[in-house]
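A short write-up of the structure that comes next.
Read the figures in this text as sums done on the coordinates, not as results from a lab. What you see is a predicted model, and the numbers here were worked out from it, not measured in a lab. All Cβ positions, glycine included, derive from the backbone under ideal geometry; neighbour counts span all protein chains shown.
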Amino acid sequence: MSKTERQKMQAGEWYCCLDSELSVLRNQARAAVHQHNTAAPDPAEQLSPPLASLFAAHGENCLIEAPFHCAYGINIRLGRNVYMNAGCTILDTAPVTIGDGTMLGPNVQIYCAQHHKDRALRAQGLEIAYPVTLGADVWIGGGAILLPGVTIGDGAIVGAGAVVTKDVAAGETVTGNPAAPVAKR
């Protein structure tokens, strides 16, 4: 029996993102995101119900400021006390795990998909997805971009505008493009 494109995506294999089942899932995410982004602010500052029902899992006391965007939502797992400032984007074609107490500044972008390098295969919609993991108590500065497959260790800091292409060790601070450790003084 052959796998569906969704099963291939979830297994970390090459899949076609132009698939009709994946299109339905992206549309469901767009609807939930639209509801979130157009809702009146919640004085209790809780995760909005549309996102809470879309995400794979979430802990208590999570807040995502509007506007927010995600590809599917079903691959996003939030720990407790996660905060995302306005304008964050998570293209969750693979699992995205964000640990307890982690904060994302405005306009942080998390990408999981890697499009095919072969022009003809890329034109056919072939891509592969790699998970992105943020540990506990991580701080991601505004405008940072996290590329497919990276892991950010507990307590790490990613400076504003950094482009993270490799794993960041626990407790490490990185800045720049590509992100590199900051020299300790």
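Under the convention that each Lys and Arg Cβ holds +1 and each Asp and Glu Cβ holds -1, the size of the dipole of region 47-185 around its Cα centre is about 360 debye.
Packing order of peptides 1-8, 32-39, highest average first: 32-39, 1-8 (average count of other Cβ atoms within 10 Å over each peptide's residues). Close amide H contacts of Leu134 (hydrogens built in the peptide plane, cut-off under 5 Å, sequence separation of 5 or more or a different chain): Thr97, Ile98, Gly99, Ile152. By the compact-protein rule of thumb, 2.2 N^0.38 Å, the alpha-carbon radius of gyration of the chain corresponds to a ratio of 1.03. Ellipsoid semi-axes for region 124-185, based on the Cα gyration tensor and the rule √(5λ), read 22, 13, 9 Å when sorted largest first.
The base-10 log of I(q)/I(0) for region 47-93, evaluated at q = 0.32 Å⁻¹, reads -1.45 [Debye formula, identical scatterers on Cα atoms, solvent excluded].
Separation of region 31-67 and region 109-175, taken as the distance between their Cα centroids, equals 23 angstrom.
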